[in-house]
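Heads up, the thing below is written out as structure tokens.
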Amino acid sequence: MSATVGIAAAYERCERITRTEAANFYYGIRLLPRGRRQAMSAVYAFARRVDDIGDGTLPADEKLRRLDAEARALEAIEARRAPLEAIQPAGAPLEAIERGAAPLASDPVMVALADAYARFPLPAGALGELVEGVRMDVDGITYESFDELVLYYRRVAGTIGRMCLAIFGLPADAAGAAHAEALADDLGVALQLTNILRDVREDAENGRVYLPGEDLRRFELQDRNTPAAIAALARAAGSAERPGELERMAALVRFEAERAREWFQRGIALAALLDRRSSACVLAMAGIYRRLLDRIELDPERSLARRMSLPAHEKAWVATRGMLGGGV
């Protein structure tokens, strides 16, 4: 890779990452004007990078080292609030960039993200909270209550909501802006809880369970090694094995799906506070996730057996409906 990356090429890379890795998200943001869509792609590409560090196979200490490097780079961008191309000299060696000892002008994600910070009032510290949320994953933190889990959800999803709001444009008055941010947080929790229910099997096989301990006990599903127990249970889904446990697991999924629905009902009010294109983006993303949640709730055992998703034509229909002002 060359020493520096142009802003246009950097955004192109981020949009490609978003389109490939986050189809649900991309169906919403493609309804935005070009500048906003590019900034949203830059935010997503950074979030994807951080999430991949947490989900990867590296040792925990190496994951934490890399998260530290991403946090330092992010702090540098937030402090400058200017495009990297405009302020950084060319020629920084890649090995120096990787260890956080040099400018990031050769990193397309950071070039695009720096430009987004220069053009939009992105909140300082928000993406840093995302990094902290992924640290919680690496540290293997478990959650006893849903209130404890909400902190994690707000860090990994609510922060993205606040970044999106800054790109959409907040209401001018302080009270309206605060209300919009609270609704964005609520919607972020709904989206993240839907992701958790979609990925129960995958997460358990990676040694993680993002469901509260009190809920697992309520449905008699907590075990000394709960991730391994739920992974084994998910592998039994669709067979005649372990019917009692699978029935309890299905009941737990429906319980959490109803909880997610309540967060959706609050958070979707955000759309009414935004301009038409931004509202369409929110309605499209929320609509796709709500339909996914409906499928999971309708057939929890199938969702355990394999990862559920919506077909492309249905996502396109939901996005078009959002553009026309259709509700979730």
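The values are calculated or read from the model by the stated rules, or taken from the named source; none is laboratory data. For clarity, every value in this text was computed on a predicted model and none was experimentally measured. Ideal geometry is used to build each Cβ from the backbone, glycine not excepted, and the neighbour counts take in all protein chains shown. Ligands, DNA and RNA are stripped out before the accessible areas are found, and what is left, the full protein with its side chains, is counted by its heavy atoms. Shrake-Rupley method; radii C 1.70, N 1.55, O 1.52, S 1.80 Å.
Can residue 136 be described as closer than 22 Å to residue 213 by Cβ and either at pLDDT below 90 or of a type in the set (A, V, I, L, M, F, W, C) (or both)?
Details: closer than 22 Å to residue 213 by Cβ: yes; either at pLDDT below 90 or of a type in the set (A, V, I, L, M, F, W, C) (or both): yes.
Yes, satisfied.
Is it the case that residue 95 is modelled with pLDDT under 65, charged (D, E, K, R), more than 19 Å from residue 11 (Cβ to Cβ) and assigned to a helix (DSSP H, G or I)? When the stated conditions are applied, residue 95 passes them. Close contacts from segment 108-131, counting a first residue that is open to solvent by 10 Å² or more (accessible area, probe 1.4 Å) and a second that is aromatic (Phe, Trp, Tyr), with Cβ to Cβ under 8 Å and a gap of 6+ residues or different chains, come to 115/11. Restricting attention to segment 157-179, the residues being among the hydrophobic types (A, V, I, L, M, F, W, C) and either at pLDDT 90 or above or touching an Asp or Glu at 6+ places or on another chain (Cβ under 8 Å) (or both) number 7. Beta carbons closer than 8 Å, at least 6 apart along the sequence or on distinct chains, pair a first residue in segment 133-146 that is on the phi > 0 side of the Ramachandran plot with a second that is in a loop (DSSP other than H, G, I, E, B) and open to solvent by 30 Å² or more (accessible area, probe 1.4 Å) for 140/207; 140/208.
Out of everything in segment 161-202 that is among the charged types (D, E, K, R) and in contact with a helix residue (DSSP H, G or I) (Cβ under 7 Å, 6 or more places away or on another chain), what residue ends up being farthest from residue 123 (Cα to Cα)? If you could, list the steps in order and put the result at the bottom.
Filtering segment 161-202 for residues among the charged types (D, E, K, R) gives 162, 173, 181, 185-186, 198-199, 201-202.
The next check asks that each one be in contact with a helix residue (DSSP H, G or I) (Cβ under 7 Å, 6 or more places away or on another chain); those that pass are 162, 181, 185-186, 198, 201.
Working: 162: 7, 181: 11, 185: 14, 186: 18, 198: 30, 201: 34 Å.
Within segment 161-202, the match that is farthest from residue 123 (Cα to Cα) is 201.
There is at least one residue in segment 133-144 that is assigned to a loop (DSSP other than H, G, I, E, B), open to solvent by 10 Å² or more (accessible area, probe 1.4 Å), touching a Phe, Trp or Tyr at 6+ places or on another chain (Cβ under 8 Å) and closer than 19 Å to residue 54 by Cβ.
For segment 166-184, enumerate the residues that are assigned to a helix (DSSP H, G or I), in contact (Cβ under 8 Å) with a residue 60 or more places away in the chain and either closer than 21 Å to residue 45 by Cα or touching a Lys or Arg at 6+ places or on another chain (Cβ under 8 Å) (or both). Matches in segment 166-184: 167, 168, 183, 184.
Using the structure shown, decide if residue 157 is more than 15 Å from residue 54 (Cβ to Cβ), buried (at least 22 other Cβ atoms within 10 Å of the Cβ), touching a helix residue (DSSP H, G or I) at 6+ places or on another chain (Cβ under 8 Å) and in contact (Cβ under 8 Å) with a residue 12 or more places away in the chain. Don't jump to the end; show me each part of the working.
Details: more than 15 Å from residue 54 (Cβ to Cβ): no; buried (at least 22 other Cβ atoms within 10 Å of the Cβ): yes; touching a helix residue (DSSP H, G or I) at 6+ places or on another chain (Cβ under 8 Å): yes; in contact (Cβ under 8 Å) with a residue 12 or more places away in the chain: yes.
Spelling it out, it is not the case that residue 157 is more than 15 Å from residue 54 (Cβ to Cβ), buried (at least 22 other Cβ atoms within 10 Å of the Cβ), touching a helix residue (DSSP H, G or I) at 6+ places or on another chain (Cβ under 8 Å) and in contact (Cβ under 8 Å) with a residue 12 or more places away in the chain.
Residues in segment 211-223 that are open to solvent by 20 Å² or more (accessible area, probe 1.4 Å) and part of a loop (DSSP other than H, G, I, E, B): 219, 220, 222, 223. Looking at segment 233-328, the helices (runs of 4 or more DSSP H) lying wholly inside it that each contain 1 or more residues that are aromatic (Phe, Trp, Tyr) and either closer than 18 Å to residue 25 by Cβ or open to solvent by 80 Å² or more (accessible area, probe 1.4 Å) (or both) sit at 243-267, 276-298, 312-323. Inspect segment 65-77 for any residue being modelled with pLDDT of 90 or more, more than 18 Å from the chain's Cα centre (by Cα), surrounded by fewer than 21 Cβ atoms within 10 Å (Cβ to Cβ) and under 24 Å from residue 274 (Cα atoms) and give the result as yes or no. No, the conditions are met nowhere in segment 65-77. Filtering segment 22-37 to residues that are touching a Phe, Trp or Tyr at 6+ places or on another chain (Cβ under 8 Å) and open to solvent by 40 Å² or more (accessible area, probe 1.4 Å) leaves only 36.
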